[in-house]
Amino acid sequence: MGKKVSLLSYLYLIGMALVAIGFCCPMFNGLFGSSANGFDFIKNAKDGGFVAIGAILIIAGAIAGIAACFVPQLKGLKLIFAICVLAGAVVLVIGFMTSGGIYKAIGKQLLKRATIGFYLIVVGIVAAIVGALKK
């Protein structure tokens, strides 16, 4: 018979996939109905500020985490990739709070302006960390 696989073994992959999908979806509503996804944060950052660094950490950690599910040599690094995504999210929020202009306006009303991409990333981070810790 085949090996019995639990849902927890797929929880890490599902979490990282949610982070990657959330990164591509609009994360925050700006003023006048505009919205921005993670790639917009990277593109609009001047001189690689906190916002760009946080966005790059999120997408790089998610892609590396998804690759770790399929490459046996990277299995031991799953928790590190999940922590990379978490650190990117923290850096992104700090960037919103400290940067000027439109980022500061989003930072003051972070949860009020959050959209589906932000919530997908939060749920994905929690699922990936739980999946990485449960073996």
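The values are calculated or read from the model by the stated rules, or taken from the named source; none is laboratory data. The shown structure was predicted, so the numbers you read here are calculated from the model rather than taken from an experiment. Counting neighbours? That spans all protein chains shown, and the Cβs are built from the backbone with ideal geometry, glycine included. With ligands, DNA and RNA removed, areas are computed over all heavy atoms of the protein, side chains included. Shrake-Rupley method; radii C 1.70, N 1.55, O 1.52, S 1.80 Å.
Quick check on my filter: what residues within the range 41-82 are surrounded by fewer than 16 Cβ atoms within 10 Å (Cβ to Cβ) and closer than 14 Å to Ile129 by Cα?
Within the range 41-82, Lys75, Gly76, Ile80 meet the criteria.
Please name all residue pairs, on different chains or six or more residues apart, with Cβ atoms under 7 Å, provided the first residue is in the range 88-112 and is farther than 15 Å from Ile56 by Cβ and open to solvent by 60 Å² or more (accessible area, probe 1.4 Å) and the second residue is modelled with pLDDT of 70 or more and not polar (S, T, N, Q).
What qualifies is Thr98/Phe50.
Any idea which of Ser9, Ser35 is within 16 Å of Ile125 (Cα to Cα), open to solvent by less than 70 Å² (accessible area, probe 1.4 Å) and modelled with pLDDT under 80?
Selected residue: Ser9, the only one of Ser9, Ser35 that is within 16 Å of Ile125 (Cα to Cα), open to solvent by less than 70 Å² (accessible area, probe 1.4 Å) and modelled with pLDDT under 80.
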